[in-house]
Amino acid sequence: MTMASKKTTLILAATAAVAVAALGFGVMRGGETSTEKHLVVYKTPTCGCCAKWVDHMKAAGYDVEVHDVDDLSAIKHAKHVPVGARSCHTAVVGGYTIEGHVPASYVDKLLAEKPEITGVAVPGMPMGSPGMEGAYRDSYDILAFNEAGRTAVYGHVEGDPGR
């Protein structure tokens, strides 16, 4: 990693922390110290990209429990996932909601930092995200969200240059 890349990464991390705090999410999740990596995933029975995301999380050391359901809308509503942040599957780990194709490294970051948020999401199904691997990779944001539906950028994944 070049010095410029390291500097950009640090700036993005600091900007994300400020954005999360500015939205009133707070810095730490009160009283929780769990490092448990038990992930409960809700997905439809026929979704192949969801199954690939589950494999990605298992490869990252998560113990994954999968529930196949026909309609995820009630789960997404109960977990306070904002409509604009929704994707094809919803998961829960360490008291947080994980929506969509969030990379395991960002779930690890979430569990380590314990911000006072409801969860994180990758809206839609960006190409190149875990479970959506293909010939190219889109740039996309990982959003933090709270129960009121407010969002802030928690992280960013850069896509292929020139796309």
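The values are calculated or read from the model by the stated rules, or taken from the named source; none is laboratory data. All figures in this text were calculated on a predicted structure; none of them were measured in a lab. Using ideal geometry, Cβ is built from the backbone for each residue, glycine included, and neighbour counts are taken over all protein chains shown. These accessible areas exclude ligands, DNA and RNA; they are computed on the full protein's heavy atoms, side chains included. Shrake-Rupley method; radii C 1.70, N 1.55, O 1.52, S 1.80 Å.
The table for this structure:
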| item | result |
| --- | --- |
| Karplus-derived 3J(HN,Hα), 6.51/-1.76/1.60, for each residue of segment 84-90, Hz, glycine and proline x | x, 10, 6, 9, 8, 9, 10 |
| Residue order for 56, 89 - accessible surface, 1.4 angstrom probe, largest first | 56, 89 |
| With DNA, RNA and ligands ignored, accessible area of residue 137 (1.4 Å probe; Å², nearest 10) | 100 |
| Tensor-based shape of segment 40-163 (alpha-carbon gyration tensor, a/c under 1.5 rounded, otherwise prolate or oblate) | rounded |
| Accessible surface of residue 46 - all protein chains present, 1.4 Å probe, nearest 10 Å² | 130 |
| Segments 149-156, 94-101 sorted - mean Cβ within 10 Å per residue, highest first | 94-101, 149-156 |
| Solvent-accessible area of residue 136 with every protein chain in place, 1.4 Å probe, in Å² to the nearest 10 | 80 |
| Cα centroid separation, segment 58-91 to segment 129-163 (Å) | 16 |
| Exposure ranking of 108, 70 by accessible area [1.4 Å probe, largest first] | 70, 108 |
| Rounded, prolate or oblate (a/c below 1.5 giving rounded, otherwise prolate when a/b exceeds b/c) for segment 94-163 by Cα gyration tensor | prolate |
| Residues of segment 87-134: accessible area per residue with a 1.4 Å probe, Å² | 26 |
| 3J(HN,Hα) from dihedral phi, segment 49-55, Karplus parametrisation 6.51/-1.76/1.60, rounded to Hz, x for glycine, proline | 5, 5, 4, 5, 5, 4, 4 |
| Within the accessible area of segment 44-163 (1.4 Å probe), percent carbon and sulfur | 52 |
| Potential lengthening between residue 70 and residue 113 on full extension [0.36 nm per residue; Cα-Cα distance subtracted] | 12.1 nm |
